[in-house]
Each structure stands twice: as structure tokens, then as C-alpha cells.
Amino acid sequence: MRSPDSRLCGKKILVTGCGGPAGVAVVRALSACGCIPIPADCDPFAAGLHTGYRGHVLAAADDARYCESLLSTAIAAGADAVVVTVAEELRCLAGSEPEFARRGIAAWFPSFDAVEACLDKLLFAEQIERAEIPAPRTSAHGPADLPGPWIVKPRRGRGSRDVYSVDDPADFPTLLRRVPDAIGQTRLSGREFTADCLVDRDGAVIATVPRWR
């Protein structure tokens, strides 16, 4: 078990997205570091609100009052900092760090453009291509000239919802009607992994956590 960090002991950290595994994992990690986690989620039945710490219910990320809800909850809970684990929430919070800082609450939110590029899979593919990073070919217009086999999925989405594997191009018309704002990609073989990265404000990589999917 990790020894508590004396620099963090007693610090109150509000964690959003505690209905998902990321939020729950952050709550547990903070507890192991000697912090006092403050779990929060828009769902009053979220699992992470029942981890032994007092939980708080926030407005949903698509609610115009989300930023206000998070800030007021953090103030009322006496939070020293907030950790946001839901990408859609980060879009609402971009540019609001000074507002949190004025209330003595540490926060670190990516820019709106950075969040949008990560949430929009077509825009992300275009960014990757411009950076000349090898990646699956991507199109917003069916198979077009993409080499098969293919994957069809929503331009925006999470959790592998509405993701289809396609071997016959004749299936594309049906899937493009069924999948909201669909895009197509060349399907890759092999075992999938993710590398979660923490990058500082100067662009330096602080930590990387690779994991099999």
C-alpha cells in the first residue's frame, strides 16, 4: 500500500465523474495518498458517491449551469482542488481556472480547442494526419477510398456504443443511417492498448500509464 504523502495529507480534493471507473480510481488513489476525496457526479446513484466519503450531486455536463454547480459545490465542501475525469465536462470548464483560483481552489483545465479535438473523432484524425503520425485512414463519407475491412462509429461518443465492424461495403448505407453522425475507418488488427498521459503546461510529459483494453 502506498505511504501517505505529507504534502497532500488532509487536502480536500473534489473528484468528478465518480459514476465511472476513472473517478472511482482517483478517489481511491487520493485516499491512499492521505487526501480527503470529495466524490461528485451528476447521477445521485453513482457508485463513487458511496465509497465512504460524503458525495455531492452536480449538474450534468450539458447543463449551462455546470461550471457554476462545480464551483459552488467545491466552495461549500471546502475543496482545495478539483480533479475532472469526464471529457465533456472539460469543454464547459475551459478558461475558468482563474475563477476557481480566486476562491482558493486549484484547477487545471485544458483549452477548449484541445478538448474539442479529443472529443471529435474526425477532427482528431485530421490532427493526427497533419502531425504525420501513423493512424487508421478516416472518412466522414462511408468507405470512399478507405481500404477495408472497416469500422463505423459515431463522430462523437464513448464506451464503444454504436461501433460496428464491417467486412462488406454493402452494409455501409444501413449503418450510416443507424449510427449518429457516423464516420468510417480502416479496421486494424491486433490487441488494443491505451496510453494515458499527463502533460504539463509546457508540453513536457510528466507521466504515462499504458494499459490493455
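Restricting the search to segment 145-192, which residues are closer than 26 Å to E89 by Cβ, of a type outside the set (S, T, Y) and open to solvent by 80 Å² or more (accessible area, probe 1.4 Å)?
Those that are closer than 26 Å to E89 by Cβ, of a type outside the set (S, T, Y) and open to solvent by 80 Å² or more (accessible area, probe 1.4 Å): R156, R158, R161, D181, E192.
When you look at V209, is it among the β-branched types (V, I, T), modelled with pLDDT of 90 or more and on the phi < 0 side of the Ramachandran plot, yes or no?
Criteria not met by V209.
Buried (at least 18 other Cβ atoms within 10 Å of the Cβ), assigned to a strand (DSSP E or B), within 21 Å of the chain's Cα centre (by Cα) and free of Cβ contacts under 8 Å to residues at least 60 places away in the same chain: is that true of A40 in this structure?
Yes.
What number goes with the only condition from (1) touching a Pro at 6+ places or on another chain (Cβ under 9 Å); (2) at pLDDT 95 or above that L58 does not pass?
(1)
Can you tell me how many residues within segment 7-30 are part of a helix (DSSP H, G or I) and open to solvent by 50 Å² or more (accessible area, probe 1.4 Å)?
Going through segment 7-30 one residue at a time, the tally reaches 4.
For the structure I just gave you, tell me whether P98 is open to solvent by 50 Å² or more (accessible area, probe 1.4 Å), under 24 Å from V199 (Cβ atoms), modelled with pLDDT of 90 or more and within 23 Å of the chain's Cα centre (by Cα).
Taking the combined requirement at face value, the residue satisfies it.
Could you tell me which of the residues E132, E89, E126 is assigned to a helix (DSSP H, G or I) and either in contact with a strand residue (DSSP E or B) (Cβ under 7 Å, 6 or more places away or on another chain) or open to solvent by 20 Å² or more (accessible area, probe 1.4 Å) (or both)?
After applying the criteria, what remains is E126.
When the residues of segment 193-204 are narrowed to those that are aliphatic (A, V, I, L, M) and surrounded by fewer than 10 Cβ atoms within 10 Å (Cβ to Cβ), which ends up farthest from the chain's Cα centre (by Cα)?
Ranking the qualifying residues of segment 193-204, first place goes to A204.
Being closer than 28 Å to E116 by Cα and in a helix (DSSP H, G or I) is the filter here; which residues of segment 50-86 pass it?
Y66, C67, E68, S69, L70, L71, S72, T73, A74, I75
Collect the residues in segment 43-74 that are in contact (Cβ under 8 Å) with a residue 40 or more places away in the chain and open to solvent by 30 Å² or more (accessible area, probe 1.4 Å), keeping them in residue-number order.
Selection gives H56 alone.
Anything in segment 101-117 that is touching a helix residue (DSSP H, G or I) at 6+ places or on another chain (Cβ under 6 Å) and open to solvent by 70 Å² or more (accessible area, probe 1.4 Å)? List them, or say none.
Across segment 101-117, the qualifying residue is only R103.
The values are calculated or read from the model by the stated rules, or taken from the named source; none is laboratory data. It should be emphasised that the depicted structure is a prediction, and the values quoted were computed from it without experimental measurement. Positions of Cβ are generated from backbone atoms using ideal geometry, with glycine treated the same way; all protein chains shown enter the neighbour counts. We work out accessible area using only protein heavy atoms, side chains counted, and drop any ligands, DNA or RNA first. Shrake-Rupley method; radii C 1.70, N 1.55, O 1.52, S 1.80 Å.
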